[in-house]
1. What 222 nm value per residue comes from the helices of the chain, counting each DSSP H run with n ≥ 4 as -39,500 (n - 2.57) and dividing by all residues, nearest 500 deg cm²/dmol?
2. Would you mind getting me the FRET efficiency between TRP54 and LEU16? Use the beta-carbon distance for r and R0 = 25 Å, nearest 0.05.
3. On alpha carbon coordinates alone, what is the Rg over Rh value for the chain, Rh being the Kirkwood radius?
4. What net charge do the residues around GLU58 carry, taking every other residue with its C-beta under 14 Å from that of GLU58, with Lys and Arg at +1 and Asp and Glu at -1?
5. Rounded to the nearest 20 Debye, what is the dipole magnitude of the chain about its Cα centre when Lys and Arg each give +1 and Asp and Glu each give -1 at the C-beta?
Amino acid sequence: MTIQRMIRIIAGTFILLSLYLSYRYNGVDLSEPTWLWFTAFVGANLLQSGFTQWCLMETILSKLGFKHSCNG
């Protein structure tokens, strides 16, 4: 599995997890957005990596031995 695919899976999982935790611990009361800050963090990292072409998760996965593409 390539790093790009893993990043999408991890980001999607983190977003869904934070939304679940926000709902679970805050109910429908969004005036206490503790877990939504986690969602914002993931979104901000995705946004900045789109502009800078650098992603911390990509660096971590690369060091763990995941491939950058199917060819290499």
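Every read-out reported here was derived from the displayed coordinates using simple, explicitly stated rules and does not represent laboratory data. In this text, all values refer to a predicted model and were calculated from it rather than measured experimentally. Every residue, glycine as well, gets a Cβ built from its backbone with ideal geometry; the counts of neighbours run over all protein chains shown.
1. On the way: 3 runs with 49 residues, N = 72.
Rounded to the nearest 500, the figure is -22500 deg cm²/dmol.
2. On the way: r = 24 Å, r/R0 = 0.98.
It comes out at approximately 0.55.
3. We get a ratio of 1.09 for the chain.
4. Numbers: positive: ARG5, ARG8, LYS63, LYS67; negative: none.
With Lys, Arg at +1 and Asp, Glu at -1, the neighbours total +4.
5. Details: 5 positive and 3 negative charges, 73 e Å.
Computed about the Cα centre, the dipole is about 360 debye.
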